[in-house]
């Protein structure tokens, strides 16, 4: 019986974090604004460069797959690159420079003037994600961030910051997944 109660408690906690996000008008508006920016960049021939560590790396890859392949309907492929997938680049940048440069080095090479950088970090303070955000800003590329807790330095350095105000990493990631799906839905409906 203890496990059943634990399952219910986790579900209630997850629902509570989602309800708090729903009542946060600033962050809800930021989700719509982020989708609109991406739509604008796609219309201009740009792409989304998305990146994060661990679970956020997995979220980045999931998001890129939804845009490149499809989310809910058949439509043209959309250019989105997860900077988390090329192990040769990641290990070379780590070895030759530092782990903090694995995403910024890729942004230096791949980002064009009509692109958008999309940083994902549950803490909002991941050094390599922050370094990439700074690199994007130096290139004049807008930055969208998807963070947790208080948003950290990454949210403060972003043009559009979406922050899930919770402390539990798993709960933050659950809401991140929903947000990424919302952005995909809005983008697909605009096509």
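The one condition from (1) out of contact with any helix residue (DSSP H, G or I) (no Cβ under 7 Å at 6 or more places or on another chain); (2) touching a residue at least 40 places away in the same chain (Cβ under 8 Å); (3) assigned to a helix (DSSP H, G or I) that residue 112 does not meet is (3).
Taking into account only those residues within the range 76-96 that are surrounded by 13 or more Cβ atoms within 10 Å (Cβ to Cβ) and assigned to a loop (DSSP other than H, G, I, E, B), which is farthest from the chain's Cα centre (by Cα)? Can you show your working first?
Our first condition is that a residue be surrounded by 13 or more Cβ atoms within 10 Å (Cβ to Cβ); within the range 76-96, this holds for 78-86, 89-90, 92-94.
Cutting the leftovers down to assigned to a loop (DSSP other than H, G, I, E, B) gives us 78-79, 83-86.
Working: 78: 16, 79: 15, 83: 11, 84: 12, 85: 15, 86: 18 Å.
My answer is 86.
Residue 82 passes every criterion in (1) in contact with a strand residue (DSSP E or B) (Cβ under 9 Å, 6 or more places away or on another chain); (2) touching a residue at least 24 places away in the same chain (Cβ under 8 Å); (3) under 13 Å from residue 180 (Cα atoms) apart from (3). Among the candidates 170, 136, single out the residue that is assigned to a helix (DSSP H, G or I), closer than 30 Å to residue 7 by Cβ and modelled with pLDDT of 95 or more. The conditions single out 170. With respect to being more than 25 Å from residue 19 (Cα to Cα) and crowded, with 23+ Cβ neighbours inside 10 Å, residue 99 falls outside the description. Of the residues 135, 98, 121, 88, the single one that is without any contact (Cβ under 8 Å) to a residue 60 or more places away in the chain and touching a helix residue (DSSP H, G or I) at 6+ places or on another chain (Cβ under 6 Å) is 135.
The values are calculated or read from the model by the stated rules, or taken from the named source; none is laboratory data. Quick caveat: nothing in here was measured; it's all calculated off a predicted structure. Here Cβ is always computed from backbone atoms with ideal geometry, including for glycine, and neighbour counts include all displayed protein chains.
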